[in-house]
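Working notes, structure below.
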Amino acid sequence: MGFWNKKADGGGTAAVQLRDGGRHPFRLLDGYVPLRSGEIALYRSIREAVPIVDAAILKLIRLSGGVQVRCRTEQAQAGLERFLRTVDTGRGQRGVQSFLDRYLDAMLTCGRAVGEIVLDRRRREIAALLCGDPAEVEIREGASPMEFQLCTRAEGGGMEPLPCQELLLFTPFQPEVGSPYGVSLLRSMPFLTEILLKIYQATGMNWERLGNVRFAVIYKPEGDGLDRAWAQERSQCLAREWSAAMQAGKQGSVRDFVAVGDVDIKVIGADNQVLDSEVPVRQILEQLIARTGIPPFLLGLSWSSTERMSAQQADMMTSEITAIRRGLAPVVERVCELWLRLHGYDEPVEVDWEDINLQDLVEEARAELYREQTRALRLENEKEEAKR
């Protein structure tokens, strides 16, 4: 009966301290649900959150460059090379390679790439090659898989076909059966990326709490009543002197702290053990890097130390780059064939790529020496057989 009328206890109240949960800034990864078509904003957030993934994609783009086009007529070949070298690609850039870099960047990140061939007003010359945002383009399929239209969202919310479909470029990356859209290179990364960011976020919070050392100054009053009566004033005096000693340390001077009575000074969090994150972080990074196909040594990681293993990984990387180039070749062919038709040439083009060089120059020189020695021995054997 007297519970609700009970007076509050005059003793000291307990101090309660709550801390923020602390979450990484990439919130899209927290609520990720593996749907059939991933969100493009999510994939771009992964590249922003994990620098090694972004570096791997940039290396894929750089290694995939070096396109060359061959045609039969020398005059057409010279004009085509000049066009590929000087074509406007927007935002102050020129050359077909700058267009292919952005086109491939969208294809790997978003799973598909969209481009446009811009003609001049007389429709006699290709004025520019521009890349579009894949997030703003949707596909409307026709009666057969060969028939489709690139559409965009109209003001009313419906799909509206884009004009001049014959001048639009579209390339899906590793498309699945029954779907016109490609698959992003980062599709299988959100789950592991979320775990990795949690580890990094927890590590940063632990260093914020334990790296900047905090002290707990505990004053224990004696048993007599006089000491207890002056406990608040003495604790305030200890706080001022301790703060003054810490401020003097920031300015480079040393100041001793003297107290009377039972005073205990401890470092907050000194007895806690920080979890070792090297093993789980490496396991997650191995999974992420394996998806990109980049050998770890190209990203500055010394996980594989043997030379034979590095050579095998370089060979596998060459096959990955060759597969990516096969997806870009039709785009280059369409652009070059249109340029030739606009200038009165009716001949096919052949897309040729520069050799992918990931091997050591010393090993290549040694291999060349062995080939020359073999050739010299073969010539000597032929001469000996001719004399007989």
- Somewhere in the stretch 117-133, is a residue in a helix (DSSP H, G or I) and assigned by TED's automatic domain parsing to the domain that holds Pro348? no
- Task: Please verify whether the stretch 234-243 includes one or more residues that are more than 24 Å from Val50 (Cα to Cα), at pLDDT 75 or above, part of a helix (DSSP H, G or I) and touching a helix residue (DSSP H, G or I) at 6+ places or on another chain (Cβ under 9 Å).
- Result: yes
- Could you list, in sequence order, all residues of the stretch 89-105 that are farther than 15 Å from Arg62 by Cβ and part of a loop (DSSP other than H, G, I, E, B)? Arg91, Gly92
- Note on the structure: Note on the stretch 105-119: residues among the charged types (D, E, K, R) and within 15 Å of Leu328 (Cβ to Cβ) are Asp105, Arg112
- Can you give me the number of residues within the stretch 74-104 that are over 21 Å from Ala329 (Cβ atoms) and of a type in the set (Ser, Thr, Tyr)? 1
- Selection count where residues are surrounded by fewer than 16 Cβ atoms within 10 Å (Cβ to Cβ) and either of a type in the set (Gly, Ala, Ser) or modelled with pLDDT of 95 or more (or both), scope the stretch 34-50: 2
- Query: Considering Ala55, Ala78, which residue is in contact with a helix residue (DSSP H, G or I) (Cβ under 7 Å, 6 or more places away or on another chain) and either of a type outside the set (Asp, Glu) or surrounded by fewer than 18 Cβ atoms within 10 Å (Cβ to Cβ) (or both)?
  - Reply: Ala55
- Scan the stretch 104-129 for residues that are touching a strand residue (DSSP E or B) at 6+ places or on another chain (Cβ under 7 Å), over 14 Å from Cys164 (Cα atoms) and free of Cβ contacts under 8 Å to residues at least 60 places away in the same chain and jot them down. Ala106, Ala127, Ala128
- Criterion (touching a helix residue (DSSP H, G or I) at 6+ places or on another chain (Cβ under 8 Å) and at positive phi) met by exactly one of Gly111, Gly115, Gly92: Gly111
- Query: Is it fair to say Val258 is modelled with pLDDT of 70 or more, touching a Phe, Trp or Tyr at 6+ places or on another chain (Cβ under 8 Å) and aliphatic (A, V, I, L, M)?
  - Reply: no
- Item | Selection within the stretch 319-355 - exposed (fewer than 12 other Cβ atoms within 10 Å of the Cβ), farther than 14 Å from Gln77 by Cα and basic (Lys, Arg) | Arg326
- Checked the stretch 62-115 for anything touching an Asp or Glu at 6+ places or on another chain (Cβ under 6 Å) and under 24 Å from Met317 (Cβ atoms); matches are Gly66, Gln68
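The values are calculated or read from the model by the stated rules, or taken from the named source; none is laboratory data. Nothing here was measured: the structure is a model prediction, and the numbers come from that model. No Cβ is skipped: glycine too gets one built from the backbone with ideal geometry, and neighbour counts run over all protein chains shown.
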